[in-house]
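Worksheet for the structure shown next.
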Amino acid sequence: MHKNVFLGATAALTLAAGGAFAAPDTVLWNQNSNFGQGVFSDSSGMDEQAAADDFIVPSGQTWRVAEVDVTGVYFNGSGPASSVAVTFYANKKGKPSRAYRGPFTLGCTDNDGSFQCILPKPVKVPSGTWWVSVVANCDFQTCGEWGWTENTTVQGNEAVWENPGGNGTCTTWKPLHVCFGGQPADLAFDLVGKALKSN
């Protein structure tokens with residue numbers, strides 16, 4: 001009997017150490033609101049258009065991002081995308097620079113073009129400004145095109161867009177209003193995970 005009690009206590013301690021009683025994931029960053037029009041961010045195999053937006057990890061924190069959720073819509077078709085590519089970028093002068101983590105090619109939960117993307121393992125992001133890009137792999141013949149819905153309120157830097165294979169102004173990252181006209185805008189997304197204190 002005493003042995004069983006000891007083994008039970010040991011098992012409980014092991015589970016706790018392994019994170020079984022860790023705090024649940026929470027929303028770390030949320031700008032999934034103030035919806036505007038859609039911005040193309042898809043890859044058809046011949047052409048790749050990508051959008052990205054920034055987020056800020058507060059000083060003294062490190063985030064472990066486990067999930068990226070985006071609001072979007074299909075154009076010229078009803079989907080679904082065959083997969084979704086999620087990439088995190090470092091920041092340089094208010095634009096994405098080098099890829100920090102990814103691209104992760106994911107089978108996201110697809111709700112008519114809005115994606116819930118669970119990362120293969122949490123991405124550890126220290127304090128500062130970072131960027132996330134979401135690109136739907138969407139063959140035009142079978143899927144159509146995918147647009148990432150704008151958030152009409154800008155937080156931090158304005159969202160950016162690029163079409164490296166195009167001939168226009170935005171063959172490299174440029175603010176949305178430069179590429180498409182209109183008012184400056186962001187993109188609708190949120191990040192889910194855990195906020196940890198930095199050492």
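The values are calculated or read from the model by the stated rules, or taken from the named source; none is laboratory data. Computed from a predicted model, the values in this text were never measured in an experiment. Because the Cβ atoms are built from the backbone with ideal geometry, glycine has one as well, and the counts that use them run over all protein chains shown.
Need at least 3 residues that are surrounded by 13 or more Cβ atoms within 10 Å (Cβ to Cβ) and in contact with a strand residue (DSSP E or B) (Cβ under 6 Å, 6 or more places away or on another chain) per element, so show me which strands (runs of 3 or more DSSP E) inside region 96-199 make the cut, counting only ones lying wholly within it. So that I can check it myself, show each step before the final result.
Numbers: elements: 109-111, 114-137, 145-151, 160-162, 189-197.
It comes to 114-137, 145-151, 160-162, 189-197.
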Subject >> Enumeration of residues in region 5-40 that are at pLDDT 80 or above and in contact with a Leu (Cβ under 9 Å, 6 or more places away or on another chain) >> reply: V27, L28, W29, N30, Q31, V39
**OP:** Would you be able to say whether some residue in region 137-147 is farther than 15 Å from V73 by Cα and within 14 Å of the chain's Cα centre (by Cα)?
**Re:** no
Original post:
So which pairs qualify, if the first residue must be in region 53-80 and on the phi > 0 side of the Ramachandran plot, the second must be among the charged types (D, E, K, R) and in a strand (DSSP E or B), the Cβ gap must be under 8 Å, and the two must be at least 6 apart or on different chains?
Top reply: G60/K197; N76/E145; G77/E145; G79/D110
